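Participant: This is the structure I want to talk about, given as structure tokens.
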Amino acid sequence: MSAVQKIIDDGLGGIEHNFVTARVEDLVKWARSRSSWGASFGLACCAIEMMGTGASHYDISRFGMEVFRASPRQADIMIVAGRVSQKMAPVLRQVYDQMMEPKWVISMGVCASSGGMFNNYAIVQGVDQIVPVDVYAPGCPPTPETLIHAIETLHQLIEDGEIMRRRAATGAGAQVELSATLPSSVSVGLGTK
Ligand code: SF4
């Protein structure tokens, strides 16, 4: 009796050996996309919608990301929720630099994406001037549904993207790199650009 016929006759009981094959790269990207934790970075009214997205009605724990982290070293995604003032910009960049690679950024709302209605000297006219943005969520404010759509778009980007994509290639990110000089003076150092 063929293996297929056994399954037809006996269902799952007809499978003698259970196994799954996959490429390590696909498994890593799948795991990354479903364990991405957000860095707490609510800046203005958009943050209320972000908090609503994390609450029970929308429940982003379905995507493995119900935990918003106060420590950037434990976070993968920075959701910039609200307008970015000139004074906050260096703080935002510092928090971003403290996040471990790989890391991603969602710009939530028109204020974060373009300055929105605040076309003045106090507000950064687009957070992409400070950090590299992966996904933009439109709206004022974006609804939780819009943010969830942005999150799902980012998850798809993670699954489709290069596993070893380095930020140095885009000129963004912490740009920490290893350098080695061999063999005359054997030394391995950790430096930043
Ligand atoms: S986009 Fe609208 S809701 Fe979001 S921070 Fe700006 S004014 Fe507030």
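The values are calculated or read from the model by the stated rules, or taken from the named source; none is laboratory data. These figures come from a predicted structure and were not determined experimentally. When we count neighbours, we look across all protein chains shown, and the Cβ atoms used for this are built from the backbone with ideal geometry, even at glycine.
Yes/no matrix, rows are residues, columns are (1) within 14 Å of residue 46 (Cβ to Cβ); (2) out of contact with any strand residue (DSSP E or B) (no Cβ under 8 Å at 6 or more places or on another chain):
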position: 100; (1), (2): no, yes
position: 111; (1), (2): yes, no
position: 123; (1), (2): yes, no
position: 127; (1), (2): yes, no
position: 131; (1), (2): no, no
position: 134; (1), (2): no, no
position: 139; (1), (2): yes, yes
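Participant: Tell me the residue from 131, 91, 110 that is aliphatic (A, V, I, L, M) and surrounded by fewer than 18 Cβ atoms within 10 Å (Cβ to Cβ), please.
Facilitator: Matching residue, one of 131, 91, 110: 91.
Participant: Right, another one. Please work out which one of (1) of a type outside the set (Ser, Thr, Tyr); (2) surrounded by 16 or more Cβ atoms within 10 Å (Cβ to Cβ); (3) not in a loop (DSSP other than H, G, I, E, B) is the condition residue 102 fails and give its number.
Facilitator: Going through the list (1) of a type outside the set (Ser, Thr, Tyr); (2) surrounded by 16 or more Cβ atoms within 10 Å (Cβ to Cβ); (3) not in a loop (DSSP other than H, G, I, E, B), residue 102 breaks only (3).
Participant: Just one of (1) over 23 Å from residue 82 (Cα atoms); (2) loosely packed, with under 14 Cβ neighbours inside 10 Å trips up residue 29, so point out which.
Facilitator: Among (1) over 23 Å from residue 82 (Cα atoms); (2) loosely packed, with under 14 Cβ neighbours inside 10 Å, the lone unmet condition for residue 29 is (2).
Participant: With the condition kept exactly as written, say whether any residue in region 105-114 is under 15 Å from residue 39 (Cβ atoms) and more than 12 Å from the ligand (Cβ to nearest atom).
Facilitator: Yes, there is a match, as at least one residue in region 105-114 is under 15 Å from residue 39 (Cβ atoms) and more than 12 Å from the ligand (Cβ to nearest atom).
Participant: Right, another one. Please pick out the residue among 55, 39 that is modelled with pLDDT under 90, in contact with a strand residue (DSSP E or B) (Cβ under 7 Å, 6 or more places away or on another chain), among the small types (Gly, Ala, Ser) and away from the ligand (no atom under 12 Å from the Cβ).
Facilitator: It is 39.
Participant: Right, another one. Residues of region 1-26 being surrounded by 11 or more Cβ atoms within 10 Å (Cβ to Cβ) and either under 20 Å from residue 110 (Cβ atoms) or β-branched (Val, Ile, Thr) (or both), which ones?
Facilitator: Passing the criteria: 7, 8, 15.
Participant: Could you list, in sequence order, the residues of region 64-84 that are out of contact with any strand residue (DSSP E or B) (no Cβ under 6 Å at 6 or more places or on another chain) and either modelled with pLDDT of 85 or more or within 16 Å of the ligand (Cβ to nearest atom) (or both)?
Facilitator: 71, 73, 74, 76, 82, 84
Participant: What number of residues within region 166-189 are exposed (fewer than 12 other Cβ atoms within 10 Å of the Cβ) and either at pLDDT 85 or above or within 20 Å of the chain's Cα centre (by Cα) (or both)?
Facilitator: Going through region 166-189 one residue at a time, the tally reaches 3.
Participant: With respect to residue 52, is the statement that it is more than 15 Å from residue 135 (Cβ to Cβ) and buried (at least 22 other Cβ atoms within 10 Å of the Cβ) true?
Facilitator: In short, no.
Participant: Pick from region 28-72 the residues that are under 17 Å from the mean Cα position of the chain (by Cα), in a helix (DSSP H, G or I) and charged (D, E, K, R): which of them is nearest to residue 92 (Cα to Cα)?
Facilitator: Here the residue is 32.
Participant: Check whether at least one residue in region 82-96 is under 13 Å from the mean Cα position of the chain (by Cα), more than 20 Å from residue 150 (Cβ to Cβ) and charged (D, E, K, R), and report yes or no. Step through it out loud before you land on a result.
Facilitator: So in region 82-96, the residues under 13 Å from the mean Cα position of the chain (by Cα) come out as 96.
Cutting the leftovers down to more than 20 Å from residue 150 (Cβ to Cβ) gives us none.
Looking through region 82-96, none of the residues is under 13 Å from the mean Cα position of the chain (by Cα), more than 20 Å from residue 150 (Cβ to Cβ) and charged (D, E, K, R).
Participant: Right, something else. Show the residue pairs that are 6+ apart or on different chains and have beta-carbon atoms under 8 Å apart, the first residue being within region 64-81 and at negative phi and among the β-branched types (Val, Ile, Thr), the second being part of a loop (DSSP other than H, G, I, E, B) and surrounded by fewer than 18 Cβ atoms within 10 Å (Cβ to Cβ).
Facilitator: Listed by first residue and then by second, the contacts come to 67/37; 77/37.
Participant: Return the residues of region 82-105 that are free of Cβ contacts under 8 Å to residues at least 24 places away in the same chain and of a type in the set (S, T, N, Q); say none if nothing qualifies.
Facilitator: Listed by number, the list holds a single entry, 94.
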